[in-house]
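The values are calculated or read from the model by the stated rules, or taken from the named source; none is laboratory data. The model shown is predicted, which means the values in this text are computed figures rather than measured ones. Cβ: placed from backbone, ideal geometry, glycine included. Neighbour counts: every protein chain shown. Surface accessibility is based on the protein's heavy atoms, side chains included, excluding ligands, DNA and RNA. Shrake-Rupley method; radii C 1.70, N 1.55, O 1.52, S 1.80 Å.
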Amino acid sequence: MENNFYQFPDDFWWGSASSAVQSEGFGDTGKGKSNWDYWYEKEPNRFFNEVGPQKTCDFLTNYKEDIKRMKQIGLKSFRTSISWSRLIPDGVGAVSQQAVEFYQSLLDELIANDIKPFICLFHFDMPFCIQEKGGLESKEFVEAYVNYAKVCFNLFSDKVYNWFTFNEPIVPVEGGYLYDFHYPNVVDFKRAATAAYHTQLASAKAISEFKKLNLKSRIGIILNLTPTYPRSQNPYDVEAAKIADLFFNRSFVDPSVKGTYPKELIDLLKAHHQLPLYNEEELNIIKENTAQILGVNYYMPRRVKSRINAVNENSPFMPEWFFDNYEMPGRKFNPYRGWEIYEKGIYDLLINLKENYHNIDCYIAENGMGVENEERFIQDGKVIDDYRITFLKDHLRYLNKAICEGVNVRGYHMWTFIDNWSFCNAYKNRYGFFRLDLETQQRTIKKSGEFFKDIIENNGFYDK
């Protein structure tokens, strides 16, 4: 039997992704307190093994050696974020010169190693002093964020290949204002809707400021898109899936790419008195400042069914008033992370972007598999993570299929390069191409890192 070779386009962005708060560590740059630092001080029990954001892979001091490792396995691009609380410790006002020097040097090091820097401005962390003023619920956040974005553009734009305003903006909304897994631990849909709206407005205003500079780089947003599948073709199951898609996908992808919110979502929220305060001037800013490129994070699908029980209307208003989550029998499943593995989902969401979102230029900004206790798989000092290689190949086959069918997908970044700290989960699940020994900070390449190097060298892989 002949082996199929999956060829990818020239200049495909083979890379990996991380974030400041999950990798840098504290270091000595006069960093201000972030929302995560505060929450950990207040409730360390909410973090796995009480390991907080101070204990990371210390990228702040190891970045030069780590970038050599990126070069070693052939990465063409790398996405990380700037820490707002490191760069501007008080949220607004004075800029830390130490932080400027660090980020300038980081970007220079990536460029010197032929690795394109992709920089995100907001990856869940904000200065705590901004959080104290209302965080995402406050217009003060919007203006402070736009000021921060302008500082970053002015300082670093000559070195950045692609900019992104927010990573997974729905996650702080869900975690902080609906489901109690991020600070400020509120359960209130209208406040969640306000936080989401202000995030979208801040993104659009930052894009507006970026466009004034006439730079060669582009700016966009990174969304975690979860293709939504109904349990059956029963019209009530189908309607449940449509509503779930409105809440969790279209609430951000429509205004980010099309510049407008879905009418169905507006009507639904209006009927339940959950719309945030807005005005036409703000809506016009959102309409005129859409993403030039879209980052897509894909980990799992969402499966839903029509509700079995009636809604208790005295309970807090929630998206789940309109559907139940559905666990498909026989699904492929990662028991460590609790997520379904459904490779075709990456194809389905990309085809949706082609057919319904102007076939916007995009790339896979995150995809990955977290596994607990990877020490079980160490042989001769190396993690033999064949499960991650299988995960990678199975997703890349569908990514290749989408490219062959005309989707403008420009690259693939796997989460992550070196095992890093995860929000609330610390190091429970490992994702990296390199294993991190937390005690010694030693990095050791895994089998998947070597496999990814082969993919990059060949710009594709054989199906065997």
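Listing for the model above:
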quantity	calculated
Hits in the stretch 60-93 - residues which are closer than 30 Å to G134 by Cα and open to solvent by 10 Å² or more (accessible area, probe 1.4 Å)	L60, P89, D90, V92, G93
Residue in the stretch 113-136 that is open to solvent by 30 Å² or more (accessible area, probe 1.4 Å) and touching a strand residue (DSSP E or B) at 6+ places or on another chain (Cβ under 6 Å) present	yes
Per-region count, the stretch 275-314, residues surrounded by 20 or more Cβ atoms within 10 Å (Cβ to Cβ) and closer than 24 Å to A204 by Cα	10
Residue among Q22, Q54 that alone is in a loop (DSSP other than H, G, I, E, B), among the polar types (S, T, N, Q) and under 26 Å from K133 (Cα atoms)	Q54
Residue selected from the stretch 320-356 under the condition outside any helix (DSSP H, G or I), hydrophobic (A, V, I, L, M, F, W, C) and open to solvent by 30 Å² or more (accessible area, probe 1.4 Å), by the criterion nearest to V173 (Cα to Cα)	F322
Some residue of the stretch 422-431 being in contact (Cβ under 8 Å) with a residue 12 or more places away in the chain, within 24 Å of P117 (Cβ to Cβ) and open to solvent by less than 10 Å² (accessible area, probe 1.4 Å)	no
Residue list for the stretch 132-144, restricted to those being within 23 Å of L223 (Cβ to Cβ) and in contact with a Phe, Trp or Tyr (Cβ under 7 Å, 6 or more places away or on another chain)	G135
Members of the stretch 3-60 that are aliphatic (A, V, I, L, M) and within 30 Å of N458 (Cβ to Cβ)	A17
Matching residues, the stretch 249-274, being among the charged types (D, E, K, R) and either closer than 19 Å to T290 by Cα or open to solvent by less than 20 Å² (accessible area, probe 1.4 Å) (or both)	R250, D254, K258, K263
Enumeration of residues in the stretch 84-121 that are free of Cβ contacts under 8 Å to residues at least 24 places away in the same chain, closer than 15 Å to D158 by Cα and not in a helix (DSSP H, G or I)	none
Hits in the stretch 403-414 (condition: within 18 Å of N297 (Cα to Cα), surrounded by fewer than 23 Cβ atoms within 10 Å (Cβ to Cβ) and not basic (K, R))	I403, V407, N408
Total residues in the stretch 369-422, condition part of a strand (DSSP E or B) and either more than 22 Å from N49 (Cα to Cα) or of a type in the set (F, W, Y) (or both)	11
